[in-house]
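Q: Dropping a structure here in structure tokens format, bear with me for questions.
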Amino acid sequence: MTIFDTNIVIDYLRGKETASEIMSDGHSEIAITVITGYELLKGYRTRKEESIVNELLNRVRIYHFDSRSMIVSGSLYRELKSNGRLKNEADVLIAGIVLANNETLITADNDFSDLADAMGDSLILLK
């Protein structure tokens with residue numbers, strides 16, 4: 001299963017062709033994390049955007065933050081902090097959920113480059 005990061009989903013909702021191609025390219029089921037769901041819900045500005053986000057959230061698989069995700073995220077956080085590369089905590093939580101579920105994350109967020117070593121093949125960072 002491929003999990004899409006917030007920036008890919010936002011581009012998809014805005015009708016950007018590249019994001020639509022990425023999300024439909026051989027992916028029978030679209031998945032996000034609960035963190036991405038939260039970021040989408042806090043970011044809409046109009047009732048139309050709210051409706052679109054809610055419709056999407058009803059159609060996708062949502063990976064939750066569970067005890068395994070908590071352990072992995074905590075470890076990632078400590079590793080980044082000890083190396084002086086601490087990033088947005090939401091990104092650490094998303095990475096933890098992806099790794100705990102042995103899935104792959106597709107993102108265009110360069111902040112994930114500091115997580116590339118820890119995530120290995122579980123990260124597809126688009127340029």
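Q: Roughly how big is the range 1-120's charge dipole about its Cα centre, with Cβ charges of +1 (Lys, Arg) and -1 (Asp, Glu), in debye to the nearest 20? Each step should come with its number before you reach the end.
A: Numbers: 13 positive and 19 negative charges, 77 e Å.
It works out to roughly 380 debye.
Q: Something else about it: Binning at 10 Å from 0, report for the range 49-127 what percent of all alpha-carbon pair distances ends up in each bin.
A: The calculated distribution, bin by bin, is 18, 46, 28, 8, 0.
Q: Test of the criteria: in the range 1-92, which trypsin sites (Lys or Arg not before Pro) are in a DSSP loop and have at most 11 other Cβ atoms within 10 angstrom of their Cβ?
A: On the way: sites: 14, 16, 42, 45, 47, 48, 59, 61, 68, 78, 81, 85, 87; in loops: 14, 16, 45, 85, 87.
Those that pass, being in a loop and sparsely packed, are 14, 45.
Q: Quick query: amide H of residue 104 versus all other amide H atoms, modeled in the peptide plane; which residues come in under 5 Å with a sequence gap of 5 or more or a different chain?
A: Correct list: 3.
Q: At R0 = 41 Å, how high is the FRET efficiency between residue 44 and residue 83 if r is their beta carbon distance? Nearest 0.05 is fine. Mind showing how you got there, number by number?
A: Working: r = 35 Å, r/R0 = 0.86.
Computed FRET efficiency for residue 44 and residue 83 comes out at 0.70.
Q: Then there's this: To the nearest 0.05, what FRET efficiency results for residue 25 and residue 71 with a Förster distance of 22 Å applied to their C-beta separation?
A: 0.10
Q: A further question follows. For the charge dipole of the chain, defined by +1 on Lys and Arg C-beta atoms and -1 on Asp and Glu C-beta atoms about the Cα centroid, which residue among 70, 43, 80 has the Cα displaced farthest towards the positive pole?
A: Going by the Cα projections, it comes out as 43.
Q: Moving on to the next point. Restricting to the chain, what percent of DSSP beta bridges are antiparallel, rounded to 5? Show your work: numbers first, answer last.
A: Working: 0 of 10 bridges.
Close to 0 percent.
Values quoted throughout were computed directly from the atomic coordinates according to the rules given, and no laboratory measurement underlies them. Worth saying up front: this structure is predicted, and the values here are computed from it rather than measured. Note that each Cβ is placed from the backbone with ideal geometry, even for glycine, and that neighbours are counted across all protein chains shown.
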